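Single-structure report; data block below.
Derivation of every value follows stated rules applied to the coordinates shown; laboratory data play no part. The structure presented is a predicted model; accordingly, all values stated were derived computationally and were not measured. As a convention, Cβ positions derive from the backbone with ideal geometry for all residues, glycine included, and neighbour counts pool all protein chains shown.
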Amino acid sequence: MSALLLFSGPCTSRTAAEVRRRIASAPVAALVSAPVREDLTLAATELLTNAVRAGASAVDVALHVSHRHIELDVTDDAPGRPERQQPGPDDVHGRGLQILDAVAAQWGHRPTAPGKTVWARFAMS
């Protein structure tokens with residue numbers, strides 16, 4: 001499995017846009033279909049938005065590629081772990097992990113020191 005570090009730096013409201021640009025221009029992006037690339041980009045946006053909202057000051061974003069899948073890892077230094085919310089119809093926030101459920105084949109999280117890594121796996125189609 002090969003790895004590509006897309007971003008390592010401060011976690012700000014602009015980080016997601018930078019990561020989206022880097023995903024689009026990464027050589028690995030040519031290996032996946034347009035719908036998978038869109039899902040990967042959406043997942044990155046949601047996970048980075050969650051990191052910002054959780055108070056992370058720094059993030060690392062990496063892609064891990066095998067012949068069967070591509071995995072997005074977002075590691076942040078914020079405390080806590082991801083938890084699904086139950087937003088109401090008028091709520092603006094709280095749907096990020098539901099979106100991840102919809103677009104990723106699998107996802108999960110693991111603790112790091114400090115913080116956590118949230119990963120999402122997509123089929124190489």
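Compared with the dominant Cα axis of the chain, that is its longest principal axis, helix 15-25 is turned about 10°. For the stretch 2-123, the relative contact order comes to 27 percent (Cα pairs under 8 Å, sequence separation of at least 6). Charged neighbours of His64, selected by a Cβ distance under 10 Å, balance to -1 (K, R count +1; D, E count -1). Semi-axes of the equivalent ellipsoid of the chain are 22, 17, 14 Å, computed as sqrt(5λ) over the eigenvalues of the C-alpha gyration tensor in descending order.
Count Lys and Arg as plus one, Asp and Glu as minus one, and take only other residues whose Cβ is under 13 Å from that of Ala26; the net charge is then +3.
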